[in-house]
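**Q** Here's a structure for you.
The values are calculated or read from the model by the stated rules, or taken from the named source; none is laboratory data. Keep in mind that this is a model prediction, so the values were computed, not measured. Because the Cβ atoms are built from the backbone with ideal geometry, glycine has one as well, and the counts that use them run over all protein chains shown.
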Amino acid sequence: MASTYTKEDTILDAGATKLAYRPTHPELFEVAHAEGSFNSQLVASKDFKKDEVICKIEGATPGPKKYTTVQVSRDLHIELNSDRDSLTFFYPSSEWEMDQPFPCWCGAAKCCKSIQGAKFLPTEVMDRYFVVSHIRELLKERDGAQE
């Protein structure tokens, strides 16, 4: 069995991967490893308050829109340069149109089922969530053009 964690896109043995993985913030998060491609998720180990800073993002590199980036403004995407599993969140809160849409398995009662970006969700759905300013602006533009 491996003694150090190596990030793999396809996990064949979730148990062995979990044993080898060394978390960077165990008091904040736990990685739930699942077999298959891109099926692991990051789960909070405690409750966080609204607007609480969870982790400071440092070393982010600007890059073109792709499935590994996070949209941080109307036209800017960043790579998080992480050697760990990705933090999952309500992607449409910051992503207008996903480069690579994916099915969601969060299990929430009001799950969107398919994560494609805010562009594809009704404003009434987006109003249920915290949404960054560039997405609010794009929603207003979209909705104004549809009237």
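**Q** Tell me which of these residue 51 doesn't satisfy, since it passes every other one: (1) at pLDDT below 75; (2) on the phi > 0 side of the Ramachandran plot.
**A** Of everything listed in (1) at pLDDT below 75; (2) on the phi > 0 side of the Ramachandran plot, residue 51 misses just condition (1).
**Q** When you go through 21, 67 one by one, which is the residue that is outside the structural domain of residue 99 (by TED's automatic domain parsing), of a type in the set (Phe, Trp, Tyr) and either within 26 Å of residue 103 (Cα to Cα) or at pLDDT 70 or above (or both)?
**A** On the way: 67 fails: outside the structural domain of residue 99 (by TED's automatic domain parsing).
Exactly one of 21, 67 is outside the structural domain of residue 99 (by TED's automatic domain parsing), of a type in the set (Phe, Trp, Tyr) and either within 26 Å of residue 103 (Cα to Cα) or at pLDDT 70 or above (or both), namely 21.
**Q** Which of the residues belonging to the stretch 51-71 are in a loop (DSSP other than H, G, I, E, B) and free of Cβ contacts under 8 Å to residues at least 24 places away in the same chain?
**A** Within the stretch 51-71, 51, 52, 53, 56, 57, 58, 59, 60, 64, 68 meet the criteria.
**Q** For the stretch 102-116, what are the residues that are surrounded by 13 or more Cβ atoms within 10 Å (Cβ to Cβ) and more than 20 Å from residue 42 (Cβ to Cβ)?
**A** Within the stretch 102-116, just 116 meets the criteria.
**Q** For residue 74, which of the numbered conditions (1) modelled with pLDDT of 85 or more; (2) of a type in the set (Lys, Arg); (3) surrounded by 14 or more Cβ atoms within 10 Å (Cβ to Cβ) fails to hold?
**A** (3)
**Q** If you don't mind, there's one more thing I want to ask. Just give me the residues in the stretch 106-147 being over 20 Å from the mean Cα position of the chain (by Cα) and among the basic types (Lys, Arg), in sequence order.
**A** Within the stretch 106-147, 140, 142 meet the criteria.
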